[in-house]
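Working notes, structure below.
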Amino acid sequence: MHPMANRPKALVTAPFRGDGMTTLESIADVVYDPWIEQRPLRIYDGEKLAARIDQEGAEILVVESDFVRGPVFDRPLRVIGSCRGDPNNVDVAAATNAGIPVLRAPGRNADAVAEMTVALLFAVNRFVVPADRDVRAGQVYANGLIPYQRFRAWQLAGRTAGIVGLGAVGRATKWRLEGLGMKVIAFDPYNNEATHTLDDLLEEADVVTMHAMVTDETRGMIGKDEFARMKPDAIYLNTARAMLHDTDALTAALQNGQLGGAGLDHFEGENLPTGHPMCSMQNVVLTPHIGGATYDTEANHSRMIADDIDRLFRGERPLHIVNPEVLK
Ligand SMILES: NC(=O)c1ccc[n+]([C@@H]2O[C@H](COP(=O)([O-])OP(=O)(O)OC[C@H]3O[C@@H](n4cnc5c(N)ncnc54)[C@H](O)[C@@H]3O)[C@@H](O)[C@H]2O)c1
(Lines give C-alpha, C1' and ligand atoms only; values in the text may rest on other atoms or scores of the structure.)
Protein backbone atom coordinates (compact mmCIF):
# COMPACT_ATOMS: atom_id res chain seq x y z
CA MET A 1 0.00 0.00 0.00
CA HIS A 2 1.18 3.54 -0.67
CA PRO A 3 2.55 5.05 2.57
CA MET A 4 0.24 8.07 2.18
CA ALA A 5 -2.90 5.94 1.75
CA ASN A 6 -3.92 5.79 5.42
CA ARG A 7 -3.09 9.33 6.38
CA PRO A 8 -5.81 11.00 8.39
CA LYS A 9 -7.34 14.29 7.30
CA ALA A 10 -6.89 17.29 9.61
CA LEU A 11 -9.30 20.23 9.47
CA VAL A 12 -7.51 23.29 10.86
CA THR A 13 -9.63 26.42 11.38
CA ALA A 14 -7.09 28.00 13.75
CA PRO A 15 -4.25 30.17 12.46
CA PHE A 16 -1.39 27.66 12.27
CA ARG A 17 2.22 28.20 11.21
CA GLY A 18 5.89 27.32 11.60
CA ASP A 19 7.29 24.04 12.97
CA GLY A 20 3.83 23.02 14.20
CA MET A 21 2.45 23.10 10.66
CA THR A 22 5.42 21.03 9.42
CA THR A 23 4.80 18.45 12.15
CA LEU A 24 1.06 18.28 11.47
CA GLU A 25 1.68 17.90 7.72
CA SER A 26 3.98 14.97 8.47
CA ILE A 27 1.08 13.25 10.28
CA ALA A 28 -1.98 14.20 8.23
CA ASP A 29 -3.37 15.72 5.06
CA VAL A 30 -4.17 19.23 6.24
CA VAL A 31 -7.17 21.30 5.13
CA TYR A 32 -6.15 24.78 6.29
CA ASP A 33 -8.93 27.36 6.46
CA PRO A 34 -8.25 29.69 9.42
CA TRP A 35 -11.08 31.82 10.83
CA ILE A 36 -8.75 34.82 11.09
CA GLU A 37 -8.45 35.16 7.29
CA GLN A 38 -12.22 35.32 6.73
CA ARG A 39 -13.96 38.56 5.69
CA PRO A 40 -16.56 38.95 7.04
CA LEU A 41 -15.79 37.22 10.31
CA ARG A 42 -16.69 33.52 10.32
CA ILE A 43 -17.07 31.64 13.59
CA TYR A 44 -18.63 28.18 13.24
CA ASP A 45 -21.22 26.94 15.70
CA GLY A 46 -21.53 23.20 16.46
CA GLU A 47 -23.81 22.48 13.46
CA LYS A 48 -21.71 24.32 10.89
CA LEU A 49 -18.50 22.83 12.22
CA ALA A 50 -19.95 19.31 12.10
CA ALA A 51 -21.02 19.87 8.48
CA ARG A 52 -17.51 21.06 7.60
CA ILE A 53 -15.96 18.00 9.30
CA ASP A 54 -18.25 15.78 7.19
CA GLN A 55 -17.37 17.69 4.02
CA GLU A 56 -13.62 17.24 4.62
CA GLY A 57 -13.77 13.73 6.12
CA ALA A 58 -11.64 15.04 8.99
CA GLU A 59 -10.49 12.87 11.91
CA ILE A 60 -8.30 15.58 13.45
CA LEU A 61 -9.86 18.95 14.35
CA VAL A 62 -7.80 22.01 15.31
CA VAL A 63 -9.73 25.15 16.29
CA GLU A 64 -9.18 28.43 18.04
CA SER A 65 -12.43 30.43 18.00
CA ASP A 66 -15.04 28.06 16.58
CA PHE A 67 -17.53 26.48 18.96
CA VAL A 68 -17.07 22.75 19.36
CA ARG A 69 -20.45 21.60 20.56
CA GLY A 70 -23.31 19.08 20.13
CA PRO A 71 -23.20 17.32 16.75
CA VAL A 72 -19.39 17.60 16.45
CA PHE A 73 -19.08 14.84 19.03
CA ASP A 74 -21.07 12.38 16.87
CA ARG A 75 -18.30 12.60 14.26
CA PRO A 76 -15.45 10.03 14.25
CA LEU A 77 -12.82 12.45 15.55
CA ARG A 78 -9.58 11.08 17.00
CA VAL A 79 -8.50 14.34 18.63
CA ILE A 80 -9.55 17.98 19.10
CA GLY A 81 -6.86 20.64 19.50
CA SER A 82 -8.00 23.95 20.98
CA CYS A 83 -5.33 26.59 20.35
CA ARG A 84 -5.95 28.46 23.59
CA GLY A 85 -4.79 28.35 27.17
CA ASP A 86 -8.36 27.87 28.38
CA PRO A 87 -10.23 25.68 25.85
CA ASN A 88 -13.62 27.14 26.79
CA ASN A 89 -14.79 26.99 23.16
CA VAL A 90 -14.94 23.19 23.50
CA ASP A 91 -17.62 21.29 25.43
CA VAL A 92 -15.02 19.19 27.22
CA ALA A 93 -17.57 17.07 29.11
CA ALA A 94 -19.20 16.05 25.81
CA ALA A 95 -15.79 15.30 24.28
CA THR A 96 -14.94 13.13 27.27
CA ASN A 97 -18.27 11.30 26.96
CA ALA A 98 -17.46 10.64 23.31
CA GLY A 99 -13.94 9.46 24.27
CA ILE A 100 -12.24 12.22 22.26
CA PRO A 101 -9.00 13.70 23.69
CA VAL A 102 -8.95 17.52 23.92
CA LEU A 103 -5.60 19.34 23.77
CA ARG A 104 -4.83 22.93 24.76
CA ALA A 105 -1.92 25.39 24.51
CA PRO A 106 -1.14 26.95 27.91
CA GLY A 107 1.08 30.02 27.98
CA ARG A 108 1.07 30.34 24.17
CA ASN A 109 0.74 34.12 24.40
CA ALA A 110 2.67 34.80 27.61
CA ASP A 111 5.52 36.67 25.88
CA ALA A 112 3.09 38.61 23.70
CA VAL A 113 1.01 39.82 26.65
CA ALA A 114 4.15 40.61 28.68
CA GLU A 115 5.46 42.77 25.82
CA MET A 116 2.10 44.55 25.61
CA THR A 117 2.25 45.17 29.35
CA VAL A 118 5.65 46.82 28.98
CA ALA A 119 4.34 48.82 25.99
CA LEU A 120 1.43 50.16 28.08
CA LEU A 121 3.73 50.91 31.01
CA PHE A 122 6.02 53.10 28.91
CA ALA A 123 3.11 54.67 27.03
CA VAL A 124 1.36 55.66 30.27
CA ASN A 125 4.45 56.74 32.17
CA ARG A 126 5.94 58.89 29.38
CA PHE A 127 2.69 60.26 27.87
CA VAL A 128 3.54 58.69 24.50
CA VAL A 129 -0.02 58.88 23.13
CA PRO A 130 -0.88 62.53 23.93
CA ALA A 131 2.64 63.65 22.96
CA ASP A 132 2.24 61.92 19.58
CA ARG A 133 -1.16 63.56 19.18
CA ASP A 134 0.33 67.02 19.83
CA VAL A 135 3.01 66.56 17.17
CA ARG A 136 0.45 65.37 14.62
CA ALA A 137 -1.81 68.30 15.40
CA GLY A 138 1.07 70.80 15.11
CA GLN A 139 0.45 71.81 18.72
CA VAL A 140 3.70 71.14 20.54
CA TYR A 141 3.37 74.48 22.31
CA ALA A 142 0.15 74.32 24.28
CA ASN A 143 -1.29 76.59 26.99
CA GLY A 144 1.91 78.62 26.90
CA LEU A 145 4.02 75.60 27.81
CA ILE A 146 6.68 73.75 25.86
CA PRO A 147 6.39 69.91 25.72
CA TYR A 148 9.26 69.46 28.18
CA GLN A 149 7.20 71.35 30.76
CA ARG A 150 4.06 69.30 30.22
CA PHE A 151 5.45 65.80 29.78
CA ARG A 152 7.83 65.08 32.66
CA ALA A 153 7.88 61.76 34.50
CA TRP A 154 9.88 59.65 36.94
CA GLN A 155 12.01 57.01 35.23
CA LEU A 156 11.04 53.36 35.75
CA ALA A 157 14.53 52.06 36.66
CA GLY A 158 14.86 51.92 40.42
CA ARG A 159 11.11 51.82 41.04
CA THR A 160 9.01 48.88 42.26
CA ALA A 161 6.56 46.84 40.19
CA GLY A 162 3.98 44.58 41.87
CA ILE A 163 2.75 41.59 39.86
CA VAL A 164 -0.64 40.17 40.85
CA GLY A 165 -0.76 36.58 39.52
CA LEU A 166 2.60 34.96 38.89
CA GLY A 167 1.51 32.53 36.16
CA ALA A 168 2.74 32.29 32.56
CA VAL A 169 2.19 35.98 31.74
CA GLY A 170 3.19 37.18 35.21
CA ARG A 171 6.53 35.35 35.00
CA ALA A 172 7.16 36.58 31.44
CA THR A 173 6.49 40.12 32.67
CA LYS A 174 8.71 39.75 35.75
CA TRP A 175 12.03 39.29 33.94
CA ARG A 176 11.23 42.06 31.48
CA LEU A 177 10.58 44.54 34.28
CA GLU A 178 13.71 43.39 36.12
CA GLY A 179 15.58 43.99 32.85
CA LEU A 180 14.35 47.59 32.97
CA GLY A 181 15.99 47.96 36.37
CA MET A 182 12.79 47.70 38.39
CA LYS A 183 12.47 45.86 41.70
CA VAL A 184 9.72 43.28 41.16
CA ILE A 185 7.48 41.94 43.93
CA ALA A 186 4.53 39.56 43.49
CA PHE A 187 1.30 38.31 45.03
CA ASP A 188 -0.02 34.87 44.08
CA PRO A 189 -1.49 32.57 46.75
CA TYR A 190 -0.75 29.55 44.55
CA ASN A 191 2.89 30.25 43.69
CA ASN A 192 5.60 29.85 46.35
CA GLU A 193 7.84 32.30 44.52
CA ALA A 194 5.41 35.15 45.16
CA THR A 195 6.90 37.44 47.80
CA HIS A 196 4.03 39.55 49.16
CA THR A 197 0.50 39.66 50.48
CA LEU A 198 -1.85 41.70 48.30
CA ASP A 199 -2.05 44.54 50.84
CA ASP A 200 1.74 44.79 51.20
CA LEU A 201 2.17 44.73 47.43
CA LEU A 202 -0.38 47.52 46.91
CA GLU A 203 1.38 49.67 49.50
CA GLU A 204 4.90 49.13 48.14
CA ALA A 205 4.47 49.13 44.37
CA ASP A 206 4.86 52.14 42.09
CA VAL A 207 3.33 50.03 39.32
CA VAL A 208 0.62 47.40 39.94
CA THR A 209 0.14 44.98 37.06
CA MET A 210 -2.66 42.40 36.90
CA HIS A 211 -1.95 38.87 35.61
CA ALA A 212 -4.34 36.63 37.57
CA MET A 213 -6.96 34.45 35.94
CA VAL A 214 -10.62 35.20 36.61
CA THR A 215 -12.04 33.01 39.40
CA ASP A 216 -14.62 33.51 42.13
CA GLU A 217 -11.73 34.65 44.30
CA THR A 218 -10.20 37.15 41.86
CA ARG A 219 -13.35 38.67 40.33
CA GLY A 220 -13.43 42.32 41.44
CA MET A 221 -10.35 41.82 43.65
CA ILE A 222 -9.15 45.40 42.96
CA GLY A 223 -11.83 47.83 44.13
CA LYS A 224 -12.17 51.13 45.98
CA ASP A 225 -10.20 50.00 49.06
CA GLU A 226 -7.39 48.50 46.99
CA PHE A 227 -6.99 51.60 44.80
CA ALA A 228 -6.96 53.70 48.00
CA ARG A 229 -4.18 51.52 49.40
CA MET A 230 -1.91 52.12 46.38
CA LYS A 231 0.81 54.76 46.48
CA PRO A 232 -0.19 58.23 45.32
CA ASP A 233 0.64 58.44 41.61
CA ALA A 234 0.94 54.64 41.19
CA ILE A 235 0.35 53.28 37.70
CA TYR A 236 -2.25 50.52 37.37
CA LEU A 237 -1.99 48.06 34.45
CA ASN A 238 -4.44 45.35 33.49
CA THR A 239 -3.63 43.24 30.43
CA ALA A 240 -5.50 40.27 31.95
CA ARG A 241 -9.24 40.76 32.33
CA ALA A 242 -11.40 43.77 33.27
CA MET A 243 -13.41 41.52 35.61
CA LEU A 244 -10.46 41.62 38.02
CA HIS A 245 -11.21 45.24 38.94
CA ASP A 246 -14.16 47.51 39.66
CA THR A 247 -14.15 49.86 36.65
CA ASP A 248 -16.15 52.56 38.44
CA ALA A 249 -13.71 52.53 41.36
CA LEU A 250 -10.78 52.72 38.91
CA THR A 251 -12.39 55.66 37.11
CA ALA A 252 -12.98 57.47 40.42
CA ALA A 253 -9.39 56.84 41.57
CA LEU A 254 -8.12 58.38 38.31
CA GLN A 255 -10.59 61.28 38.48
CA ASN A 256 -9.65 62.26 42.03
CA GLY A 257 -5.92 62.07 41.25
CA GLN A 258 -5.32 59.12 43.58
CA LEU A 259 -3.71 57.11 40.76
CA GLY A 260 -0.99 58.38 38.42
CA GLY A 261 -2.33 56.59 35.37
CA ALA A 262 -3.64 53.35 33.93
CA GLY A 263 -3.05 51.06 30.97
CA LEU A 264 -5.84 48.66 30.07
CA ASP A 265 -6.09 45.99 27.38
CA HIS A 266 -9.49 44.57 28.30
CA PHE A 267 -13.01 45.82 29.00
CA GLU A 268 -16.20 44.09 30.07
CA GLY A 269 -18.16 43.46 26.87
CA GLU A 270 -14.84 44.05 25.00
CA ASN A 271 -15.31 47.84 24.80
CA LEU A 272 -15.80 50.95 26.90
CA PRO A 273 -19.08 52.81 26.38
CA THR A 274 -18.43 55.78 24.06
CA GLY A 275 -17.83 58.94 26.01
CA HIS A 276 -16.62 57.02 29.08
CA PRO A 277 -14.66 59.44 31.34
CA MET A 278 -11.46 57.39 30.86
CA CYS A 279 -11.54 58.17 27.10
CA SER A 280 -10.63 61.79 27.80
CA MET A 281 -7.85 61.16 30.36
CA GLN A 282 -4.38 61.69 28.94
CA ASN A 283 -2.74 59.51 31.61
CA VAL A 284 -4.77 56.49 30.48
CA VAL A 285 -3.90 54.23 27.54
CA LEU A 286 -6.58 51.88 26.22
CA THR A 287 -6.04 48.96 23.82
CA PRO A 288 -8.74 46.55 22.61
CA HIS A 289 -7.64 43.09 23.88
CA ILE A 290 -4.66 42.74 21.54
CA GLY A 291 -2.12 41.61 24.13
CA GLY A 292 -1.86 38.13 22.64
CA ALA A 293 -2.00 39.21 19.01
CA THR A 294 1.41 38.18 17.68
CA TYR A 295 2.44 35.73 14.98
CA ASP A 296 4.59 34.09 17.64
CA THR A 297 1.47 33.26 19.65
CA GLU A 298 0.24 31.35 16.58
CA ALA A 299 3.60 29.61 16.10
CA ASN A 300 3.63 28.65 19.80
CA HIS A 301 0.13 27.14 19.85
CA SER A 302 0.81 25.37 16.53
CA ARG A 303 3.94 23.71 17.94
CA MET A 304 2.27 22.70 21.22
CA ILE A 305 -0.85 21.24 19.59
CA ALA A 306 1.01 19.46 16.72
CA ASP A 307 3.62 17.96 19.08
CA ASP A 308 0.84 16.66 21.32
CA ILE A 309 -1.07 15.16 18.37
CA ASP A 310 2.19 13.48 17.38
CA ARG A 311 2.61 12.11 20.92
CA LEU A 312 -0.99 10.87 20.97
CA PHE A 313 -0.64 9.08 17.63
CA ARG A 314 2.61 7.44 18.82
CA GLY A 315 0.79 6.10 21.88
CA GLU A 316 2.50 8.55 24.23
CA ARG A 317 0.72 10.78 26.71
CA PRO A 318 0.19 14.33 25.38
CA LEU A 319 1.63 17.06 27.62
CA HIS A 320 -1.41 19.33 27.52
CA ILE A 321 -4.41 17.02 27.49
CA VAL A 322 -7.51 18.41 29.21
CA ASN A 323 -9.34 15.09 29.70
CA PRO A 324 -6.67 12.43 30.33
CA GLU A 325 -9.39 10.02 31.50
CA VAL A 326 -10.14 9.22 27.83
CA LEU A 327 -6.66 7.71 27.35
CA LYS A 328 -6.77 3.95 27.52
N1 LIG B 1 -4.78 40.54 26.88
C2 LIG B 1 -4.75 39.37 26.29
O3 LIG B 1 -4.85 39.28 25.07
C4 LIG B 1 -4.55 38.13 27.11
C5 LIG B 1 -3.96 37.00 26.52
C6 LIG B 1 -3.69 35.89 27.33
C7 LIG B 1 -4.07 35.87 28.66
N8 LIG B 1 -4.71 36.95 29.18
C9 LIG B 1 -5.12 36.93 30.60
O10 LIG B 1 -3.95 37.06 31.40
C11 LIG B 1 -4.16 36.40 32.65
C12 LIG B 1 -3.00 35.46 32.93
O13 LIG B 1 -2.92 34.46 31.93
P14 LIG B 1 -1.85 33.28 32.08
O15 LIG B 1 -1.76 32.60 30.77
O16 LIG B 1 -0.61 33.78 32.74
O17 LIG B 1 -2.62 32.32 33.10
P18 LIG B 1 -1.97 31.35 34.19
O19 LIG B 1 -3.04 30.39 34.55
O20 LIG B 1 -0.65 30.85 33.73
O21 LIG B 1 -1.69 32.33 35.44
C22 LIG B 1 -2.69 32.83 36.27
C23 LIG B 1 -2.10 33.01 37.65
O24 LIG B 1 -3.10 33.58 38.50
C25 LIG B 1 -2.85 33.05 39.80
N26 LIG B 1 -3.96 33.25 40.71
C27 LIG B 1 -5.03 32.45 40.94
N28 LIG B 1 -5.78 32.96 41.94
C29 LIG B 1 -5.17 34.11 42.34
C30 LIG B 1 -5.46 35.08 43.33
N31 LIG B 1 -6.54 34.96 44.12
N32 LIG B 1 -4.65 36.12 43.43
C33 LIG B 1 -3.55 36.25 42.65
N34 LIG B 1 -3.20 35.35 41.71
C35 LIG B 1 -4.01 34.30 41.55
C36 LIG B 1 -2.59 31.59 39.52
O37 LIG B 1 -1.96 30.97 40.63
C38 LIG B 1 -1.68 31.68 38.30
O39 LIG B 1 -0.31 31.73 38.69
C40 LIG B 1 -5.53 35.73 32.55
O41 LIG B 1 -6.50 36.56 33.15
C42 LIG B 1 -5.77 35.66 31.06
O43 LIG B 1 -7.16 35.64 30.76
C44 LIG B 1 -4.92 38.09 28.46
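The values are calculated or read from the model by the stated rules, or taken from the named source; none is laboratory data. Bear in mind the structure is a predicted one, so any value in this text is a computation, not a measurement. Cβ atoms come from the backbone with ideal geometry, glycine included; neighbour counts cover every protein chain shown. Surface accessibility is based on the protein's heavy atoms, side chains included, excluding ligands, DNA and RNA. Shrake-Rupley method; radii C 1.70, N 1.55, O 1.52, S 1.80 Å.
Sequence-distant contacts, meaning Cα pairs under 8 Å at least 6 residues apart, place the relative contact order of the range 145-270 at 21 percent.
Quick one: Debye curve from the C-alpha atoms of the range 35-188, no solvent, what's log10 I(q)/I(0) at q = 0.08, 0.11, 0.17 Å⁻¹? Reported log10 I(q)/I(0), two decimals: -0.45, -0.69, -0.95. The residues of the range 285-328 have, on average, 55 Å² of accessible surface per residue, using a 1.4 Å probe with all protein chains present. So what is log10(I(q)/I(0)) for the chain at q = 0.11, 0.15 1/Å, when the Debye sum runs over its Cα atoms only? Scattering profile of the chain, log10 relative to I(0): -0.79, -1.16. Other residues within the sphere of radius under 9 Å centred on the Cβ of PRO8, judged by their own Cβ, net out at +1 (K and R +1, D and E -1). In this structure, the amide hydrogen of VAL30, modeled 1.01 Å from its nitrogen in the peptide plane, lies closer than 5 angstrom to those of ALA10, counting only residues at least 5 positions away or on a different chain. A straight Cα-to-Cα reach below 18 Å connects LYS48 with the aspartates and glutamates ASP33, GLU37, GLU56, GLU59, GLU64, ASP66, ASP74, ASP91, residues fewer than 8 places away in its own chain not being considered. Solvent exposure of the range 131-175, expressed per residue, is 67 Å² of accessible area, with all protein chains present and a 1.4 angstrom probe.
Counting only C-alpha contacts under 8 Å and six or more residues apart, can you give the relative contact order of the chain as a whole percent?
Once normalised by length, the contact order is 20 percent.
Taking square-rooted eigenvalues a ≥ b ≥ c of the alpha carbon gyration tensor, is the range 152-266 rounded, prolate or oblate, where a/c under 1.5 means rounded and, failing that, a/b exceeding b/c means prolate? Oblate shape, in that a/c is at least 1.5 and b/c is the bigger or equal ratio.
Every Cα-Cα pair of the range 206-328 was included, and the share exceeding 18 Å stands at 61 percent. Taking Cα centre as origin and charging only the Cβ of basic (Lys, Arg, +1) and acidic (Asp, Glu, -1) residues, the dipole magnitude of the chain rounds to 580 debye. Summing Cβ point charges (Lys, Arg +1; Asp, Glu -1) relative to the Cα centre of the range 165-300 gives a dipole of roughly 240 debye.
For the residues ARG229, ARG136, a 1.4 Å probe over the protein chains yields an accessible-area ranking, largest first, of ARG136, ARG229. Taking Lys and Arg as +1 and Asp and Glu as -1, the other residues whose beta-carbon sits under 12 Å from that of GLY162 total -2. Other residues within the sphere of radius under 15 Å centred on the Cβ of ASN271, judged by their own Cβ, net out at -2 (K and R +1, D and E -1). What the range 178-276 shows is 49 Å² of accessible area per residue, with the surface traced by a 1.4 Å probe over protein heavy atoms.
Probe radius 1.4 Å, ligands and nucleic acids ignored: give me the carbon and sulfur share of the accessible area of the chain as a rounded percent.
That share works out to 50 percent.
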